[in-house]
Every structure is written in C-alpha cells, then in structure tokens.
1. Counting just the residues of the stretch 160-190 that are exposed (fewer than 13 other Cβ atoms within 10 Å of the Cβ) and closer than 30 Å to residue 108 by Cα, which one comes out farthest from the chain's Cα centre (by Cα)?
2. Return yes when residue 66 is modelled with pLDDT under 95, over 17 Å from the mean Cα position of the chain (by Cα) and within 28 Å of residue 129 (Cα to Cα) and no when it is not.
3. Among the strands (runs of 3 or more DSSP E) contained in the stretch 21-85, which hold 2 or more residues that are without any contact (Cβ under 8 Å) to a residue 40 or more places away in the chain?
4. Just one of 103, 92 is surrounded by 21 or more Cβ atoms within 10 Å (Cβ to Cβ), in contact with a helix residue (DSSP H, G or I) (Cβ under 8 Å, 6 or more places away or on another chain) and within 24 Å of residue 186 (Cα to Cα); which is it?
5. Go through the stretch 40-63 and count every residue that is modelled with pLDDT under 95 and in contact with a helix residue (DSSP H, G or I) (Cβ under 7 Å, 6 or more places away or on another chain).
6. Which of the numbered conditions does residue 129 fail, given that it passes all the others? Conditions: (1) surrounded by 11 or more Cβ atoms within 10 Å (Cβ to Cβ); (2) touching a strand residue (DSSP E or B) at 6+ places or on another chain (Cβ under 9 Å).
C-alpha cells in the first residue's frame, strides 16, 4: 500500500515525464494527508519560470480560515484550472509570489507549449498582515480567492474572478470593503474589470 506522499510523488512524476509529442498534461489538485496541493506540470512551470523566476503559489495556510470552509476538495483558492482560450487544452491561473511581487499568472496553451502572462502584479506583502475578526478572535491571512466562471456567455464574458472578501477588526471597524475583479480574455490579452462591494 502506498502512502499519501508516495502517491503525490507518483502523480508529480507522471505529470512531468511526458515524451515529446504526447498530449499536454493538465495541472491537478491532489490530496496529500488531508492537505490539498496544486501540481503544476513541468511544461507549465517552465513558462512560469521565464517570466517570474522563484514564483511560488500561495498555500492553504496563507488564507483566512473562513475562506476555506465548505470549499470543494478538488479546488484551491489560489488556482483555477480551465480552458482559457477555448482550444481544448487545459490552462491554469495561479496566485502567489516570486519574492519581489505578488502575482496572478495565467499559463495559457499555445501551439508549441504554454506561455505565461502576468495578469495582476502587486507589491510583495505578507498574508499574515491582513487582519480579520472571526468569532470574536483576530485571524490573519489572505482575503482573496480565484474562482472560475463556469457559465461564461455574452452576458457574463469573464473567464475568472479574483474575489476580495470584506474584512473587519474585532472592534467592528471595516478594514476592507471587498471587491470582485473580473478578467476577460480578449484577443489574447486579459482585460480587468473591478467592482467594489
């Protein structure tokens, strides 16, 4: 019987050991000892390294606990796995930092492989500096999550959203009013549309 970390290693190796000419392997969210992890195939990681060397996705421990309750076990709040350019190949949007900036990156399939694009760039910040009050106690962590738009249409053309949850301190003061940032993919570029809550 193989333990969970052995299964994670086996899945990582199988995702990253493709022969040339084989179909592209999609990213995946896997469970390792009760923790969800994002597996990024080598071909996608190479595209990321070209524009953001040292980039690391956020971890579940970086988030406000209330944003993790009731979430789908096949998803993580820092990544969206979907077909952005409608070419039948799975793409990836991932949120994290490269040590200098906090970035939302889109890794989009193209004919020879993948290309990574910086969709959003913010000055580096520590997620533990974001404060919220949960159940009368101070909690710290990221208050933003990525979500796909599963019902993309002419009336709802965005591909994914970056949702900022409203946060407040335990004295009842609003610290961040929250926002929804929608991203459309138009002519190979991402267009941002922010909506305050």
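1. Checking each candidate, the answer is 187.
2. So residue 66 fits the description; yes.
3. Working: elements: 28-32, 35-39, 79-82.
Per the criteria, 28-32, 35-39.
4. 92
5. Matching residues across the stretch 40-63 total 0.
6. Result: residue 129 fails condition (1) only.
The values are calculated or read from the model by the stated rules, or taken from the named source; none is laboratory data. Remember, it's a predicted structure, so these values are computed and weren't measured experimentally. Don't worry about glycine lacking a Cβ; one is built from the backbone with ideal geometry, like all the others, and counts go over all protein chains shown.
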